[in-house]
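Q: Okay, here's the structure, questions in a sec.
The values are calculated or read from the model by the stated rules, or taken from the named source; none is laboratory data. The model shown is predicted, which means the values in this text are computed figures rather than measured ones. We place every Cβ from the backbone using ideal geometry, glycine too, and count neighbours over all the protein chains shown. What goes into the accessible areas is simple: the full protein's heavy atoms, side chains included, and nothing from ligands, DNA or RNA. Shrake-Rupley method; radii C 1.70, N 1.55, O 1.52, S 1.80 Å.
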Amino acid sequence: MLRKIRLTAALLFFTMITLLFLDFTGTMHSWFGWMAKIQFLPAVLALNAGVVIALVLLTLLLGRVYCSVICPLGVFQDIISWFSGKVKKNRFRYSPAVSWLRYGILAVFVIALVAGVVSLAALFAPYSAYGRIVSNLLAPLYQWGNNLLALWAERADSYAFYSVDIWVKGVSTLIVAVATVVVLFILAWRGGRTYCNTICPVGTVLGFLSRYSYFKPVIDTDKCNGCGLCARNCKSSCINPKAHEIDYSRCVACMDCLGKCRQNAIRYVPGAMLPKKQAPVTEETGKPASQPSSPAEKVDASRRNFLTVSALVAASAVAKARKRKWTEDWLLL
Ligand code: SF4
Ligand code: SF4
Ligand code: SF4
């Protein structure tokens, strides 16, 4: 049931946001423009504190629902991954988090923001990446289809459609859009949410928060027989069935694993209901996140906190200074 609700909401958001990028009449914006305003990074850059706080609270309550429902780039990857699943079933397996890459890219992203290198930051920004794909690759086809309809309608003495000019942006923009699709396609086809859990800076920030989310998928160790079916169907590769552990920083709250378990051993419940031995774990060590046991782990945890907070602070500071220019540049990329 939870999975069906998530899927329905995700498809609704994905369709409407895609139409927002395609619509040239302005009709969609008057009805569904709010969906663009609740995207995480645009909200941070626009200093929309209400939306940012709401998304942070949503993540702290339900986990990375933003990533499984609201972000169109995440749903886009799910669609590619779904087709891949038709070719090869049960294809995922647990893999440890690549934290140095996640936080390294987050650092590069923050530096690019601070330095005002918009084109580099936009490469990693999920909403910008999705907009680039739709605006450059899908919009010309959409407009061409519209013009065809307008031609037919005109011959039938109807003016229900009208022709529009078809604009194709420069070669470099087109190349970046094609490269974005190719990279996303390969990563999603082979590894589900690899992009989300190793590259996307928004995913890294939300992943940091979601480790402490109130609701989360929990493995009942009394029922679990360690068969691994849930892990082979987890697009985030974040279930370690041998240790009965889930890396909540990478879990995107998709609910896919819930229905896969034949023992009914996974439930989406308040984390407080976790048995003691299954307390939330750190990404690499497998030890409770709240009790780092060695100095190295403490340093690592501090570094993560620092980078994550820095990302938000820097993004906000830069946005304040460049707000107007940002909005224009960001949408153009
Ligand atoms: S990790 Fe990034 S790209 Fe993936 S769903 Fe979340 S915000 Fe979107
Ligand atoms: S599918 Fe169920 S029984 Fe099998 S490893 Fe996962 S939680 Fe355990
Ligand atoms: S652990 Fe379950 S809910 Fe989380 S990403 Fe994996 S399949 Fe989805």
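Q: May I ask you to compute the full-extension gain from LEU11 to ILE111, defined as 0.36 nm times their residue separation minus their alpha-carbon distance, rounded to one decimal in nm?
A: In short, 32.6 nm is gained.
Q: Summarise the accessible area of the range 1-90 (1.4 Å probe, protein heavy atoms) by the percent that is carbon and sulfur.
A: 76
Q: Is the range 17-171 rounded, prolate or oblate when judged by the Cα gyration tensor, a ≥ b ≥ c being the square roots of its eigenvalues, rounded requiring a/c under 1.5 and prolate requiring a/b larger than b/c?
A: In terms of gyration-tensor shape, prolate.
Q: For the peptides 163-174, 204-215, 244-255, what is the packing order when you average, over each peptide's residues, the other Cβ atoms within 10 Å and list the highest mean first?
A: Sorting 163-174, 204-215, 244-255 by mean packing, highest first, produces 244-255, 204-215, 163-174.
Q: Let me ask you something else. For a 30 Å ceiling on Cα separation, which of these pairs sit above it: LYS86/LYS216; LYS88/LYS216; LYS37/LYS260; LYS4/LYS37?
A: LYS37/LYS260
Q: I would also like to ask the following. Whose amide H sits under 5 Å from the amide H of VAL269, counting only residues 5 or more places off or on another chain, with H placed in the peptide plane?
A: Amide H to amide H, under 5 Å and 5 or more residues apart or across chains, VAL269 pairs with LYS216, VAL218.
Q: Shape call for the range 133-205 from the C-alpha gyration tensor, a ≥ b ≥ c root eigenvalues: rounded (a/c under 1.5), prolate (a/b greater than b/c) or oblate?
A: Prolate is the answer for the range 133-205, as a/c is 1.5 or above and a/b outweighs b/c.
Q: Give the relative contact order (percent, whole number) for the range 1-96; include only Cα pairs under 8 Å separated by 6+ residues.
A: 30
Q: Below 12 angstrom from the Cβ of LEU62, what's the summed charge of the other residues (Lys, Arg +1; Asp, Glu -1)?
A: +3
Q: Something else: Tally Lys/Arg at +1 and Asp/Glu at -1 over every other residue whose Cβ is under 14 Å from the Cβ of PHE14; what's the total?
A: Surrounding charge for PHE14 is 0.
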